[in-house]
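Only one structure is covered here, and it is reproduced in the block below.
Each reported figure results from applying straightforward, stated rules to the coordinates on display, with no laboratory input. In this text the structure is predicted, and so the values were computed from the model without any measurement. Cβ placement follows ideal geometry from the backbone for every residue including glycine, while neighbour counts extend to all protein chains displayed.
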Amino acid sequence: MIYQRVKEGVFLDRPNRFIANVIIDGKREVVHVKNTGRCREILMEGAKVYLQKSINPNRKTAYDLIAVEKRVSEEKKITINIDSQIPNNVVEEAILQGKIIEIGKPYKLKREASYGNSRFDFYYEKDGAKGFIEVKGVTLEEVGHARFPDAPTLRGTKHLKELIRLQNEGYENYVFFLVQMNHPHIFSPNYERDLEFSNTLIKARDEGVKILCYDSFVGGDYIRIDKRVEKSF
């Protein structure tokens with residue numbers, strides 16, 4: 001996925017979940033943050049950030065903050081995409097191109113699929129199998145270790161419980177963690193931040209829900225899927 005109209009800036013602070021103060025072209029700007037998670041480990045004062053200019057002239061904020069650089073060693077910096085709306089697009093593109101070996105290439109793939117009172121990111125059908133795919137974007141990295149979530153997620157836990165129920169009804173379901181960077185070599189649930197989600201994820205795996213994790217090639221104006229990341233749980 002490629003972003004248009006991207007500019008670099010310098011992060012100053014984040015008054016609330018939705019906005020940040022950034023220096024762009026030497027001028028202080030209030031921008032929209034495309035991620036309501038904490039992101040405290042990456043949105044640090046002085047960090048280089050990447051911003052997409054809106055095409056809506058009537059918006060209160062002219063830019064969306066979509067990515068940030070993080071130093072992971074004295075010699076290395078990485079770019080982390082924090083756009084919470086992009087993982088579904090990246091995963092959909094990868095599935096349609098046959099890049100997710102575990103899923104293959106379904107002959108039917110529907111976004112925002114509803115079942116009863118539940119709503120999932122994707123519904124698929126392939127080779128006699130059918131089921132649902134729930135996508136989670138991962139932006140938290142600690143010493144090469146990717147974790148999810150970075151804050152408690154009641155909605156995420158609800159999705160897992162629904163997938164378990166549907167798995168027991170005969171559907172073949174997936175939880176897909178897209179690590180929105182290219183540095184981590186291992187992934188695990190974040191027990192410290194959300195024990196209920198973490199335990200429910202383990203239960204989902206044990207009930208047959210398939211857990212996938214892939215990282216991404218990321219730059220200031222692009223993100224695309226790369227390779228599988230090992231899981232530790």
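Annotations
- Taking Cβ atoms as reference points and 10 Å as the exclusive limit, the residues near H32 contribute a net charge of +2, counting Lys and Arg as +1 and Asp and Glu as -1.
- Efficiency of FRET from Cβ geometry, F233 and I101, R₀ 30 Å, rounded to 0.05: 0.90
- Here M1 and K60 are evaluated by their C-beta separation; at R0 = 35 Å the FRET efficiency comes out at 0.85.
- Here the Karplus relation 6.51 cos²θ - 1.76 cosθ + 1.60, evaluated at θ = phi - 60°, turns the backbone of segment 23-32 into coupling constants of 8, 10, 6, x, 10, 6, 10, 8, 10, 7 Hz, with x for every Gly and Pro.
- Converting phi to 3J(HN,Hα) with the Karplus coefficients 6.51, -1.76 and 1.60 and the offset θ = phi - 60°, segment 101-106 yields 4, 5, 8, x, 10, x Hz in sequence order, with x at every glycine or proline.
- For the chain, calculated [θ]222 nm from helices alone, where every DSSP H run of n ≥ 4 adds -39500 (n - 2.57): -5000 deg cm²/dmol
- Cα-based shape type of segment 87-231, given that a ≥ b ≥ c are square roots of the gyration tensor eigenvalues and the cut on a/c is 1.5: oblate
- Inter-probe distance in nm under a simple model that places probes 7 Å from Cα toward Cβ, at K110 and F217: 3.3
- Longest DSSP-loop-exposure-free segment, trypsin sites (Lys or Arg not before Pro), the chain, at most 16 other Cβ within 10 Å: 100-233
- Counted residue by residue at 0.36 nm each, then reduced by the alpha carbon distance between them, the extension gain from I19 to E75 reaches 17.1 nm.
- Taking amide H as placed 1.01 Å from N in the peptide plane, the amide H of V229 sits under 5 Å from that of C213, Y214, D215, each at least 5 places away or on another chain.
- Using the Cβ-Cβ distance between A151 and R28 with R0 set to 35 Å, the FRET efficiency from 1/(1 + (r/R0)^6) comes to roughly 0.80.
- Looking at segment 6-81, the DSSP beta bridges with both ends there are about 90 percent antiparallel.
- Long-range HN-HN contacts of G131 with modeled amide H, under 5 Å: Y124, E172
- The stretch between K53 and E142 holds 29.0 nm of extra length on full extension. This uses 0.36 nm per residue minus the Cα-Cα distance.
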